[in-house]
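*Asks:* The structure that follows is given in the form of structure tokens.
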Amino acid sequence: MNKLFAVLIVAFMALPALAMVSAASPIPIVDNVSVTIPGNVYTGQSFTVYVNNSVGFSNYTTEAFFSGENLTGFSPTSTYENYGGSNPSASFSVTAPASPQTIYIAVITSALYGNQYVNYSHTFAINVYNPITLSATITNSQPFAINNITVSFDLNGNLYGTKVVSLAPDSSQVVSLEILESVLGTGSYTLSISVNNPLIKVNGETQKASVTFYNGTPPNYDWIYYVAAGVFIFMVILVLGSGRKPNRPSNPKWRR
């Protein structure tokens, strides 16, 4: 229901722009506009949306409308508008909100073709997740600075990302990389962080350090111990029971 409400808000906000464009011309140019926009981001992440219209038109206009359940920390805080004139391309920066949710961005473009306007409109849904932070401390114990240090982050033997940093003489720095919670499935992972310079140490050790972590809620295997304990108790009872002598009835005492 909340997602539907957010979509309706975007549609309502975009109505004036659509009405203005449609009044001039109802001809869409859907196949001639490309929008580069991520489908998944993490909270607080900054990204850029690129809009590329077809060439050969004039009076290009690009607008974007934003909606979500809780836009705290989100930017821009108002409708994006770009009057590009003869420039068919436009771009705008977006910062994801501080809480996980689905946000909606309605992109509307129009351009003058001859004596009539053509237009494009589409609403994009972006999933916002909490990030998982991968980090390590790298140390330069040398009396001179070291530049262009490539820090590589591997997950289960596969390269996930890199960071390039520089270290002053005899200094340390925490290097972090954000990963989308949705990228990792539930399970165990081995994170390996390495550097390309033998003079740099990772977490005070060598050029490489590894750690294993579990994403999600680990399965509960306590019931195995309960079953084992139950079997043990049952076996003890059997053993004790087998060691007892059967109760035989004593000789009856006859009354005289």
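*Asks:* I need the full set of residues from the range 146-159 which are under 18 Å from Gln207 (Cβ atoms) and in a loop (DSSP other than H, G, I, E, B), in order please.
*Replies:* Listed by number, the list holds a single entry, Gly157.
*Asks:* Tally up the residues in the range 169-182 that are surrounded by 13 or more Cβ atoms within 10 Å (Cβ to Cβ) and over 18 Å from Ser46 (Cα atoms), please.
*Replies:* 4
*Asks:* Of the conditions (1) in contact with a strand residue (DSSP E or B) (Cβ under 6 Å, 6 or more places away or on another chain); (2) hydrophobic (A, V, I, L, M, F, W, C); (3) more than 30 Å from Ser171 (Cα to Cα), Ile146 fails just one. Which one is it?
*Replies:* (3)
*Asks:* Is it true that Phe65 is under 30 Å from Ile132 (Cα atoms), modelled with pLDDT of 90 or more and either buried (at least 17 other Cβ atoms within 10 Å of the Cβ) or not assigned by TED's automatic domain parsing to the domain that holds Tyr104 (or both)?
*Replies:* yes
*Asks:* Looking only at the range 174-192, filter to residues that are closer than 19 Å to Pro100 by Cα and part of a strand (DSSP E or B); which one of those is modelled with the lowest pLDDT?
*Replies:* Residues of the range 174-192 closer than 19 Å to Pro100 by Cα: 177-186.
Subsequent filtering for residues that are part of a strand (DSSP E or B) retains 177-180.
Working: Leu177: 87, Glu178: 84, Ile179: 82, Leu180: 78.
The extreme case among them is Leu180.
*Asks:* Hey, any hits in the range 113-135 for a residue that's in contact (Cβ under 8 Å) with a residue 24 or more places away in the chain, of a type in the set (S, T, N, Q), surrounded by fewer than 16 Cβ atoms within 10 Å (Cβ to Cβ) and assigned to a loop (DSSP other than H, G, I, E, B)?
*Replies:* yes
*Asks:* Tell me which residues, restricted to the range 184-222, are touching a residue at least 60 places away in the same chain (Cβ under 8 Å) and surrounded by 13 or more Cβ atoms within 10 Å (Cβ to Cβ). Steps first, answer last, please.
*Replies:* First, pick out the residues of the range 184-222 that are touching a residue at least 60 places away in the same chain (Cβ under 8 Å): 200-204, 209, 215.
Ile200, Lys201, Val202, Asn203, Ala209, Asn215, listed by residue number.
*Asks:* Can you tell me which residue among Pro88, Pro76, Pro100 is in the same structural domain as Asn32 (by TED's automatic domain parsing) and within 14 Å of Val35 (Cα to Cα)? Let's see the steps before the verdict.
*Replies:* Working: Pro76 fails: within 14 Å of Val35 (Cα to Cα); Pro100 fails: within 14 Å of Val35 (Cα to Cα).
Result of the check over Pro88, Pro76, Pro100: Pro88.
*Asks:* Being closer than 17 Å to Asn203 by Cα, among the aliphatic types (A, V, I, L, M) and either surrounded by fewer than 14 Cβ atoms within 10 Å (Cβ to Cβ) or at pLDDT 90 or above (or both): is that true of Val165 here? Give the steps one after another, and end with the answer.
*Replies:* Values: closer than 17 Å to Asn203 by Cα: yes; among the aliphatic types (A, V, I, L, M): yes; either surrounded by fewer than 14 Cβ atoms within 10 Å (Cβ to Cβ) or at pLDDT 90 or above (or both): yes.
The answer is yes for Val165.
*Asks:* If you go through the range 75-100, how many residues are over 30 Å from Gly56 (Cβ atoms), surrounded by 19 or more Cβ atoms within 10 Å (Cβ to Cβ) and not aliphatic (A, V, I, L, M)? It would help to see each step written out before you state the result.
*Replies:* Filtering the range 75-100 down to residues over 30 Å from Gly56 (Cβ atoms) leaves 75, 77-78, 95-100.
This time we only want the ones that are surrounded by 19 or more Cβ atoms within 10 Å (Cβ to Cβ), so: 96-97.
Still in the list and also not aliphatic (A, V, I, L, M): 97.
So the answer is 1.
The values are calculated or read from the model by the stated rules, or taken from the named source; none is laboratory data. Note that the structure is predicted; figures quoted are calculated from it, not measured. Virtual Cβ from ideal backbone geometry, glycine too; neighbours counted across all protein chains shown.
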